[in-house]
Structure formats: structure tokens, C-alpha cells
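Everything on this sheet refers to the single structure shown next.
What follows draws every value from the coordinates through simple rules; no lab data is involved. Just so we're clear, the structure is a prediction, and the values are computed from it rather than from any experiment. Cβ atoms come from the backbone with ideal geometry, glycine included; neighbour counts cover every protein chain shown.
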Amino acid sequence: MIDQENQEVSNEEEFRKIEITVFRYNPQNSNTKPEYQTYTLEETPGMTLYIALIKIWSTMDHNISFDFVCRAGICGSCSMVVNGKPRLACKTRTSEFEDGKITLLPLPTFKHIKDLSVDTGNWMNAMSKKVESWIHAKEETDITAIEKPVEPDVAQAVFELDRCIECGICLAACSTKIMKEDFVGAVGLNRTARFAIDPHDERSDEDFYELIGDDNGVFGCMSLMGCEDHCPKDLPLQTKIAYMRRKMVKM
Amino acid sequence: MKIVYTDALIVGGGLAGLRSAIATREKGLDTIVISMVPVKRSHSAAAQGGMQASLGNAVMGEGDNEDVHFADTVKGSDWGCDQNVARMFVTTAPKAIRELAAWGVPWNRIGKGPREVIINGEKETIVEKDEAHGLINARDFGGTKKWRTCYTSDATGHTMLYAVANEALRRNVEIHDKKEAISIIHENGICGGVVARDLISGELIAYIAKGTMIATGGYGRIYKQSTNAIICKGVGVAIALETGIVQLGNMEAVQFHPTPIVPSGILLTEGCRGDGGVLRDKDGYRFMPDYEPEKKELASRDVVSRRMIEHIRKGKGVKSPYGDHLWLDISILGREHIEKNLHDVQDISKTFNGIDPADEGEKGWMPVLPMQHYSMGGIRVKPTGESTTMKGLFCSGEAACWDLHGFNRLGGNSVSEAVVAGMIVGEYFASYCKETHLTTNTFTIQKFLEVQKAYLQEILSYDGGKNIFDIKDRMRIIMQEKVGVFRNGKDLSDAVDELEDLLKMVKEITVTDKALCINPELNEAYRVTKMLKLALCVSKGALERTESRGAHFREDYTKRDDENWLNRTITTWTDPNDTMPTLSYEEIDISKMEMPPAFRGYGKKGAIMSNPLSEIREEEITKIKETLGKVDRFTTQEALLDFDLPKEYKRKNERMGVGYD
């Protein structure tokens, strides 16, 4: 029988025990203080942190909070710090950790909600508005008419940058963001790069300069490359930040 | 008492909800979207393979138009859909895709000249026309006559959702995330808004609006194995049911997708087979052509899923610690194609199974098995999207039984429905909000808030020692084992009984943490109660429906019975103390059909008990066509079925080579 969450398997193999240590804190409740809690569980084949945390929640501690939605690396909900590195928990397999010890912390730079849960939605919405993360075109489109042709390679290039899932990992891995609250980060700069190469968007370099031509934008980046090193979608963030900076320096 | 007033309230921030929010903002209405999760995390993002729209740009889509898309959709639905709605949909879909293109969705574009593709397991060269260069491309999908599914690699839902969400932000749609609607406020049969719970502070908020729309998606999580995101619990549909007034339609119509990966249940898009991938058994043998000589791997999803289980039952499944499965082989498409067009599939397979599907031969085969994927059923609405029985309550997308999909949805028609319904229903919804005044009495609002407050307290006071997680697990196993791909009277009857017991058992749980603020166990307690009600609607509907239609297959009634069962199951929950839904049926009128019931062209032959009215309508159609003489296709269509649409969407669609014809 298949059991996708608990991954119970029918044969009776012996599995190793792993220890998952979780940062626990509920800012809503003034009686609690931050602490670590360790859970010991059996590691089933193919176990991910999603499977492990669901197991902890449903069988060991019903009160633990975390954020999963798609559990397939597509929605960007479950970013957290895993043994010191920001990662998508659903795509992290427990077998990677040889000593079987895993420590989980909430993603820094976002408002903490409880335990491993943080508020990414409001920050990302504000960032999207700040960089005007949409097509700017003067003419209205007649949606009954044949669409405007786009070179296949250009569409593909735009798609590659549009793959960003706004998981927040690039921000958690960024020293500028930790120092500067309003820095739009690689996620925001990548969005501008995406629209800058989109033939539907009529914004000029001057227009982009208005949005990101300062220390909270493209000049805040110190090129430490934490964003690109940790991006779960392998986006070419440094190249794209450099691309926008070159454009902006010319202004 | 916290009350938030707005013009238009939308519950659910996926494609359908956000596109509707754009429609209400365009009419100048204040609009709030409430969502359990940040809207860009909605399950729409997980749609992979693409969106159907009959553009007819690609050479393999040549000759495509609304009529062909309509016929495919009706056949796919096994004649269960509302043909009026199907017409509204196919007419608007090309406009939706062009609107999205203008909003920046980077649709894959056609390159002129020859290119190599895999068709029926063989390499073939097709040549794209010069004038098609740069226009929106399409891939093949199941149950379609033409290549009609437009895509951005295998992340189509993601790019669509981001474009629509950002357009909503641009129009200052107010987004309140981490809020969950837990009850619908209504008075004199009119919807006044919802009671929502702040999932962080636990505060109850009354959102009061001129019109309310539910766009909360499906309820796949009532099944143990589902491709659905873990938020797809159907709470939005359940709170509509709990009004006692709102009707749900065709809840037993549940789609099982042929190729989720084993064991995680994460979807591998139909685009895998659309692009030429094949299914293999334990001997590496490609078995689908034996069962479905014409459509092979690309018959509709219900048919392919059944054939796969049939084949496993013959002992041809691959043994694994997780049970038997089959193989999906896309290695034949070549590494370059996979890395460009099936990028996420490759990523999923590598991450969760350690298999690189681009590796040649057996090494690259991915283990797959049919699992729950889509809810055709939902809140029963009129073609305008308004509830059939509650004024001011609208519904769009997967949460609705509009009814575009009948008993089986075609691949590529779901994200397409989400945005198209967002446009059409969004427009009707906006007009309604524009013309309506707030009428809900504050006393009523307070009453609804108090009922919910008392209900949450009641849950916390239960002290029977049972565990809500065990009840949930049991429900999901029952649905999996007894209300699955193949169904029979005995199992369904057992399922109904056991689910009823589980629903009663909820009062015997104990919630360990008594906090009203952020408390994931309390969330689960009320959500599972709602899920159990939906599970009962599904299984009871399936038990009573003694025929096989689309995804609903009865081993004890294997034929589609048009004489007795060409109808829609209507479910209500008439009294809050009931432990069983009330069923009734809504007839589907053959005499008004543009396409009367016939054989679908795939699936088992001779498995139809026809209705004599089908033949009569067929003759009538022939006569109407003769009387009309030589006229264009639009005139013929209108004579057979006249449908309404907002004016802007009724306009004709231009296509390459044929203009607006």
C-alpha cells in the first residue's frame, strides 16, 4: 500500500533514526519564549523534510507550525533554514545529512509568524508593486486579433527568468537585505530584468532607473552571490543583476 | 465585532479568483481577495502542461476553431457538461490566451520551418509555415483532435498565475492572505459575505460585500493519493454546502490523472505523453495501443487511467515496496527537448526519485500510477456563475460545477477554465455588484459571527480522547480504496456508512492545544469535519449513480445509461445536524443539445444505453442544417444552440489564414 505522506512501506526493513531540531516560538503568545525542540523519527526511503514535518505534526506534536502548499518545489512556500542554509524544505531529502541531524529555523528577513512559518506574501506583494512587476504598454490589445509575434528565442529567454517562484531564499541568503530592510533583492531585480527583455514591455532604461536606480535597488547589491548560490530554480541572478546595473550605470 | 465592508469579495486567490478580481476592479468596484496562503502560492501555480485555446497557429493545429474545441470538450465530458457553458468557454478561450500574452505570459512561440517531433513513438518532421513564425505554439494533449494546448514549458500555471496576480496588484486589488472563510453569511436567500478566520491571530472577521465569489479550487485532499496541493481541502465548497441552501453538482465526478509519480503523488504533466512519451509495463512493453488503437496514450484521462489499472490487474504492473506501478518513458524525446519543454518534470523526477528521465532506455523511466487529480463537481451555478439557489453568491474555477467538464475534464481545460471563467463569470459578478446595494443586517452579521465563535469553542471543549489526524487518515484511505477509479455498490455502501461514523466521531476528539490563535490542530479539526461532509457527498452520489459515465466507473453498471442517468447529481445538506447529504437530480435536456449523445471515439465500444431522444435530436439537427442551406459556421451554430456572453467576449476570433471566419 502506498502512503505518500508517511511513506509506509510494506516490507519490514530497519531504517535509521534521524533527529530533527526545530526552532519553536509563538510571538502571538507572550507566555512562550524561543526554544529548540528535537524530534527523533525513523527515516523512510525517499523521505523529504515535507514528509518528516508532516509526520512530526500528525503523530508527535500537533502544535508545530510550518508552511507547505504544493510539496513539489513549485509554489515557494516552504523556504526555511536547513543546517544553516536557506532551502525549500519539500525538495530537501533527509538522506543528504550523513549524521542524521537536521536543524530547522524560520527564514530570516521576513516577519516571523510562528515556529517555521513566516510572512512572505505581504513583502512579495509590496516588492511587486515597487518594481511595477507587470507589462507597461501604451496601446490596448485587441484580444480578438492575432497576437503580436515574438521571436521564439526571446520568449524562451523571458520564460527562463519568469520561472522565479518568489520563495524568498535569495533574500535570506543576501547580506544587503539583512542590513537594508527595503532592498528589493535578487527577486525584485530579476523581475525588472525579465520585463526589460520582454518585447511587450515599453519601459525605457530611464523608467527602470526610477524604480531601481538606488541603494535599495541595483546599487545595493554587493555581488556576494548568496542569491545565485542558493536559488532553488537555478536562475542566473548575478548575470541579470549585472545586466541591469550596466544599464543603470549608463544613465 | 470586526466587520470589513467592500463592494466585491472574492474567496480564493488562484487564477479564477484573481482574474475575477480584475473584472470587478475594471468596473471601479472595491475588491478584496481573501486567501489561506499568499496568492502566488495557490494551486493554479502547479498546473504544468498547458492551456487549451483554439488558435490554430501551429501546423498540427491547422483547421482548429471553436467548433472543434467544443466537440472535444463535450465528448471528453461524456455528454455530462452543459453545452451552453462549453460554447461560452470555447468562444472566450482564444481571447483569454491573447490577453495573457499581452500581460506577458511568455507562451512558447513557433519557429518557422522544419522541426522534429515524436508522434506515436516515431520521429517525424513537421514544417511550420513562415507566417506562423513567432505566433503562440501548441502541443498535443489527450482527447483532442488538434494540437491545441498552449504552454510555457511545463510551468504554464506558474507563469499564468504570476501574470494575473501582478495585474491584480497593479489594479490595487486588496489581498488579505492567511485568512480562511469558514462560513457564509446569508439572509433571505441572499449572500451577504463570509465569516473569515485570521489564521495567525485567530480573530474572526465578517467580510461584508455586495457580492461574494467562491474560487477556492477542488477537494482532492479527501483522497489518500492526490496530485493536489495540501491546501485543496474544499473548505470553500463545504461552507457553501453548510448554508443548507446552496446546491453542489456532480460531486462523484472525480478525475484520476494517469501519471503522478510514485510514491510522492506529484504530477507529471500530460504534456509528457502529448509530446510523444509512452507508457510501458513490467516487460517494457508499450501496452496502450492494444487497448486504444486510435488515441493510444492520448485518450481522455478517465480512459487511460482505467486501462492502466486494467493492465496492472492482469499482472503486468511493476512490483515495488509501494505497490504496483507502470512506467512513463519520455527518454525517447531526447535530452534537449526534455530540458527545454519538460524542465520541471525532469527536476521532480530527479529530486524525488533520483531518476533523470532524459537518460536513455530503462534507466530514465519514471514510476507512475493513476491518482486523484481534479474535482469536476463543485458549487452548482448558472451559466452566469451565480449559485442556482442563493442570490449574490458566485463561484468560478475548479470550485464550481459550471458545468464545463461534466464527468471528465480534458487536460489543458482547467487553467483555461480558471481564466475564462474569471473573465466571463467575473464580468457577470461585477455587474451584479454594481447593481446591488448592501442589505445585510448587522444583527445577522453578529449572529453568524457568534455561531462560528461558539463552534470553535465547542471543538476545543470536545474531550473524547480521539485524534483528528486518525479520522482524517481513515477518511482518505476509505476514499482511496472504495471510491476510486473502479467503483462498486458494496464498497460504496461501506464507504458511505463508515464516513458517516467518522463524521459523528469528530465530536469525540480532543484538541491538545486550546489556543484560538494560530493553532494548526484546531484548523485541522474544523477542516476535516468539512472534508468528511464533502467525502459523503462524493460517495453517496457515486453509490446512487448506477451507470458508468466519464470518470465515474461502476463495475456493477459498466454502461453509460443515457436513458436514466443523463442528469446532474445535486447535493444539499439541509440541516446542520444531518449526517448524510440529500440528493436530487437535474435533467440534462437532449432536445436543446448542439451535439446529442453518441460514442466518444475512445474507451470501450458498445458500452452505451442510448436515449431515443438522441436520435430524434440528431434528425432535427440534420433538418435545421438542410433548411439553412449554405451558410457560415456561426449561423449554423446559433441555429442549433444560442448562448449568451458579455458582448466583448462574444466577438469572433481571428486566425491565421482564415481571418475572422
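Under a point-charge model restricted to the Cβ atoms of Lys and Arg (+1) and Asp and Glu (-1), what is the dipole moment magnitude of the protein assembly as shown relative to its Cα centre, in debye to the nearest 20?
Working: 115 positive and 136 negative charges, 134 e Å.
So the dipole magnitude of the protein assembly as shown works out to roughly 640 debye.
Residues whose amide H falls under 5 Å from that of residue B:509, counting only those 5 or more places apart or on a different chain, are B:464, B:466, with hydrogens built in the peptide plane. Residues B:455, B:219, B:291, arranged from fewest to most other Cβ atoms within 10 angstrom of their Cβ, appear as B:455, B:291, B:219. A dipole drawn for region B:515-661 from +1 and -1 charges on Cβ atoms has a positive end, and of B:571, B:598, B:609 the residue lying farthest that way is B:598. Residues in region B:270-285 carry Karplus couplings, in order, of 4, x, 4, 7, x, 7, x, x, 10, 9, 10, 9, 4, 8, x, 7 Hz; the curve used is 6.51 cos²θ - 1.76 cosθ + 1.60 with θ = phi - 60°, and Gly or Pro positions show x.
Would you mind checking region B:506-534 for residues with the amide N under 17 Å from a putative spin-label position 7 Å along Cα→C-beta of residue B:463? Once the point is set 7 Å along Cα→Cβ of residue B:463, B:507-515 turn out to lie under 17 Å by backbone N, inside region B:506-534. In this label model, residue B:567 and residue B:127 are separated by 5.7 nm, measuring between points 7 Å along each Cα→Cβ vector.
Give the relative contact order (percent, whole number) for region A:4-118; include only Cα pairs under 8 Å separated by 6+ residues.
Details: 201 pairs, mean separation 35.7, N = 115.
In percent, rounded to a whole number, it is 31.
Exposed loop sites are taken as trypsin sites (Lys or Arg not before Pro) in a DSSP loop (any state but H, G, I, E or B) with at most 10 other beta carbon atoms within 10 Å; the longest stretch of chain A without one runs A:17-137.
To the nearest whole number, what is the average tally of beta carbon atoms from other chains within 10 Å of the beta carbons of peptide B:151-161?
On the way: counts 1, 6, 5, 1, 6, 0, 2, 7, 4, 0, 1.
Going residue by residue through B:151-161 and averaging, the value is 3.
One decimal place: the segment residue B:585-residue B:632 gains 13.2 nm when fully extended, by the rule 0.36 nm per residue minus the C-alpha distance.
Classify region B:399-557 as rounded, prolate or oblate, taking a ≥ b ≥ c as the square roots of the eigenvalues of its Cα gyration tensor: rounded when a/c is under 1.5, otherwise prolate if a/b is larger than b/c and oblate if not. Because a/c hits 1.5 or more and a/b fails to exceed b/c, region B:399-557 counts as oblate.
For the protein assembly as shown, what is the convex hull (Cα atoms) projected area averaged across all directions, in square nanometres? For the protein assembly as shown, the mean projected area of the Cα convex hull comes to 35.3 nm².
Given +1 on the Cβ of Lys and Arg, -1 on the Cβ of Asp and Glu, and no further charges, what dipole in debye does chain A carry about its Cα centre, rounded to the nearest 20?
About 740 debye.
Counting only DSSP beta bridges whose two residues both lie in region A:4-118, roughly 80 percent are antiparallel. Note on region A:187-251: Cα-only Rg and Dmax are 11.6, 33 Å.
In this structure, residue A:144 and residue B:116 have a Cβ-Cβ separation that, at R0 = 35 Å, corresponds to a calculated FRET efficiency of about 0.55. If you take all C-alpha pairs in region B:526-599, what percent of them are over 18 Å apart? Cα-Cα pairs in region B:526-599 separated by more than 18 Å: 49 percent.
Please list, in order, the residues from region B:611-631 whose amide nitrogen is less than 16 Å from a point placed 7 Å along the Cα→Cβ vector of residue B:652. In region B:611-631, the label zone of residue B:652 (backbone N under 16 Å from the point 7 Å along Cα→Cβ) covers B:630-631. Within chain B, the longest run free of exposed loop sites, counting GluC sites (Glu not before Pro) that sit outside DSSP helix and strand states (H, G, I, E, B) and have at most 15 other Cβ atoms within 10 Å, spans B:1-202.
Is the shape of chain B best called rounded, prolate or oblate, per the rule: a/c under 1.5 gives rounded, else a/b larger than b/c gives prolate, else oblate, with a ≥ b ≥ c the square roots of the Cα gyration tensor eigenvalues?
Working: a/c = 1.43, a/b = 1.24, b/c = 1.16.
Rounded, since a/c falls under 1.5.
Quote the relative contact order of region B:346-458 in percent (integer), defining contacts as alpha-carbon pairs under 8 Å separated by 6+ residues. Display every interim value, and only then the final one.
Working: 100 pairs, mean separation 19.3, N = 113.
Relative contact order comes out at 17 percent.
Computed over region A:43-194, the alpha-carbon pair-distance distribution with 10 angstrom bins reads 10, 32, 29, 18, 9, 3, 0, each value a whole percent.
Output the antiparallel fraction of DSSP beta bridges having both residues in the protein assembly as shown, as a percent to the nearest 5. Write out the running numbers ahead of the final one.
Values: 71 of 103 bridges.
In the protein assembly as shown, DSSP labels about 70 percent of beta bridges as antiparallel.
Calculate for chain B the 222 nm mean residue ellipticity that helices alone would give, adding -39,500 (n - 2.57) per DSSP H run of length 4 or more and normalising by residue count, nearest 500 deg cm²/dmol. Can you show the working numbers first?
Numbers: 19 runs with 234 residues, N = 661.
Rounded to the nearest 500, it is -11000 deg cm²/dmol.
List the pairs from B:382/B:530; B:314/B:490; B:233/B:466; A:138/B:179 whose alpha-carbon separation is above 26 Å, in the order I gave them. Don't skip to the answer; put the middle values down first.
On the way: B:382/B:530 24 Å; B:314/B:490 23 Å; B:233/B:466 21 Å; A:138/B:179 36 Å.
Pairs exceeding the cut-off: A:138/B:179.
Taken along the Cα-to-beta-carbon direction at a fixed 7 Å, the label points for residue B:188 and residue B:486 span 5.5 nm. Here the alpha carbons of region B:203-270 define both size measures, Rg and Dmax, at 15.3, 46 Å. Applying the criteria of a DSSP loop state and at most 15 other Cβ atoms within 10 Å to the GluC sites (Glu not before Pro) of region A:116-158 yields A:139, A:140.
Candidate cross-link partners of residue B:27 among the lysines, defined by an alpha-carbon separation under 18 Å and a same-chain spacing of 8 or more, comprise B:210, B:434, B:647. For the pair region B:604-634 and region A:215-251, the centres of their Cα atoms are 62 angstrom apart. Calculation over all alpha carbon pairs of region B:81-233 in 10 angstrom steps from 0 returns a P(r) of 8, 22, 31, 22, 10, 6, 0 percent. Across region A:4-118, the volume of the C-alpha convex hull divided among the residues equals 106 Å³ per residue.
Using a/c under 1.5 as the rounded threshold, could you call region A:99-146 rounded, prolate or oblate? The axes a ≥ b ≥ c are square roots of the C-alpha gyration tensor eigenvalues, and prolate needs a/b larger than b/c, oblate otherwise.
Prolate.
The distance linking region B:403-449 with region B:213-248 is 15 Å (Cα centroid to Cα centroid, whole angstrom).
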